[in-house]
Each structure stands twice: as C-alpha cells, then as structure tokens.
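Below is one structure, written out as structure tokens; comments come after it.
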Amino acid sequence: MQNNTIVCPIHLENQATYICQNESCIEKRLYCHTCFQSNKHFINPNKHLVIDRLSDILEESRNDCDRLVQYIETAFQDIIQFKKYLVQAIRRKYYIQLEQFNTIDLESKCQILDNLIKFKEDSKIIEQVLDYPFKSIIYHIQDGIKQVRLEQVTYLQQISEQELQQFQTYLNESQELIQFNRIDQSLEKVDRALLINPRNLDALNLKGNILMKLHRLNEAFQQFNLALQIDEFHIKSMLSLGFYYIQTNQREKAMQQFIRVAEIDIGNQIALDQVNQL
Ligand SMILES: [Zn+2]
Ligand SMILES: [Zn+2]
C-alpha cells in the first residue's frame, strides 16, 4: 500500500494507522497505536478511519469540490446570462450604422435619433446602477467566506506563471495610481492582485496603506496583521503598523513598534527617525 510510508507525526518511529475525522479535534489528524492507547483521539470513536481509507477521503473531497464548483458556476450563470442580454439590448438600441439608418422608415429614423440624443444620459444611469451592486456583491461574498480562510493554503504552489505576471501588473498599477492620488482605483487594482495571490506580503501591506489613505483605519489594521500573521518579521508591514499607531494616537505602541523594527532590522532609518520624533 502506498500509505504505509506515512509515520505518526508524534511518534516518528511508528507508522500512522488511523485518520481522525472528528471535526473538533485539535490533535494531528494522523496517529498511531501509541496515540490510540493514550486516548488522545477518543472523543468520538466513530469518526476514525484506518489509514488505508486515505484515498477514499481524497476522492470524496474531490467529488465535493466538483459539486461546489458546479454550484458556483450555476450561481454566476444568471449574471452572465443577464450580461449577454444587456449587451445585446444596448447594441440593438444605440449601435446604428449609417447604411442601416438609411434603409429604415421615417418614423423609426426619428425614434432612433431621439434615442441617440438621450443616450449619454441613459448610459450614465446604466453605469451607475452597475458599478455599485457588483462591487458590493463581491465585497459581501468575500466578507461572508472569510472564516473559510481560502487564502491560507501553503501546501501546493498553485499560481501559474501567467497568473504571477498578471499579479505583478496589478500590483505595479496599484502603486502607480497611488502616486497620482487615485486612491479608489489603486484599491481596486491591489484587490485584483490579492485575488490572484492572497498571501503576498507586499500586496497585503500596500492594501493596508491604501486603506489608511482612505481613513478606513480598522481595515488597514487588519491588513497589516494579516501580513504579520504570515511573516511576523515583514519589515514593511511592521513599519506600517507603527504608522497606524501614530495615526490612531497610540504613541506608546508606535514607539514600541518602531523600536522593535530597529532591533530586528538593525539601523532601519525610517524606524530610527520615528523613534527620535516620537
Ligand atoms: Zn503516535
Ligand atoms: Zn482526533
């Protein structure tokens, strides 16, 4: 059996013989006879599988995964259908070639011109109603699934070369936009970058700084902490957190934060300057 090579993570000398499927268990999921004898996983004996069933677990999850993806596809299908309808209807109403125009009866000619003259107003209405709900729907979904922590996967490198390039482009664009003080657009770009690579520390830190500029301080604080949870010594995010403390009048914490940076990244000039000023 290919599973025979897995050893118990607690007793490395033993082969792992079981998989604990008890959801609330905080022990390692793989365990051996010695673990079993010390009652480590004995809360719910029905939720334990022999390790030979590993391939069943993987297969079942893959099936569940397919089902979920299918559900998402269906959920978005309505939006895609509606988009098709919208594009068609708009083109039919406002997109008229001169040759077509010439062949149409007089009554319709007047109607077309009336429609085209009102088009600028109409298009403003359409843009306005689309912009807000779509953005808020995405935020709503992102917020709702936060606890699932989709971004915390480290066991497979699943970002393709192409996605990585796209990520870098969004990140650069976001940085440029912020220099031109186009903060909202900058936020949009960094959000796109983070959809591709949610654990990138520079992107997380950049988003935090953008949120600071928008005075969305609580969210900025969360971003910096997200980055620091991944790497507690990420200097840029440590500095940003310091500036967050200044911004929120927490002088003492700011001081400690910059001292900490200067200790870890010896002689960090930004940190030293802040320590002197505080
Ligand atoms: Zn063990
Ligand atoms: Zn257990």
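The values are calculated or read from the model by the stated rules, or taken from the named source; none is laboratory data. None of the values given here were measured: they were computed from a predicted structure. Neighbour counts run over all protein chains shown; Cβ positions are idealised from the backbone, glycine included.
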Notebook entry, point to check: Just for the stretch 11-37: of the residues that are under 13 Å from L49 (Cβ atoms) and either β-branched (V, I, T) or more than 12 Å from ligand 2 (Cβ to nearest atom) (or both), which one is surrounded by the fewest Cβ atoms within 10 Å (Cβ to Cβ)?
Noted result: T17
Item checked: Filter result for Q158 (at pLDDT below 95 and outside any helix (DSSP H, G or I)) -> yes
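Determine which member of the set D66, D131 is modelled with pLDDT of 95 or more, surrounded by 10 or more Cβ atoms within 10 Å (Cβ to Cβ) and not aromatic (F, W, Y).
Values: D131 fails: modelled with pLDDT of 95 or more.
It is D66.
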Notebook entry, point to check: What are the residue pairs meeting all of these: first residue in the stretch 88-110, first residue in contact (Cβ under 8 Å) with a residue 40 or more places away in the chain, second residue loosely packed, with under 13 Cβ neighbours inside 10 Å, Cβ atoms under 6 Å, and 6 or more apart or on different chains?
Noted result: none
Check: So, in the stretch 18-59, of the ones that are near ligand 1 (Cβ under 9 Å from one of its atoms) and either within 16 Å of T5 (Cβ to Cβ) or not in a helix (DSSP H, G or I) (or both), which residue ends up modelled with the lowest pLDDT?
Finding: K40
Item checked: Of the criteria (1) surrounded by 15 or more Cβ atoms within 10 Å (Cβ to Cβ); (2) assigned to a helix (DSSP H, G or I); (3) within 20 Å of the chain's Cα centre (by Cα), which one P198 fails -> (2)
Next item on the list: Those residues that are among the hydrophobic types (A, V, I, L, M, F, W, C), over 27 Å from K124 (Cα atoms) and not in a loop (DSSP other than H, G, I, E, B), I need them from the stretch 84-109; list them, please.
Entry: L106
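Being surrounded by 14 or more Cβ atoms within 10 Å (Cβ to Cβ) and not aliphatic (A, V, I, L, M) is true for just one of K146, K189. Which residue is that?
K189
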Notebook entry, point to check: From the list I266, I270, which one is part of a loop (DSSP other than H, G, I, E, B) and of a type in the set (V, I, T)?
Noted result: I266
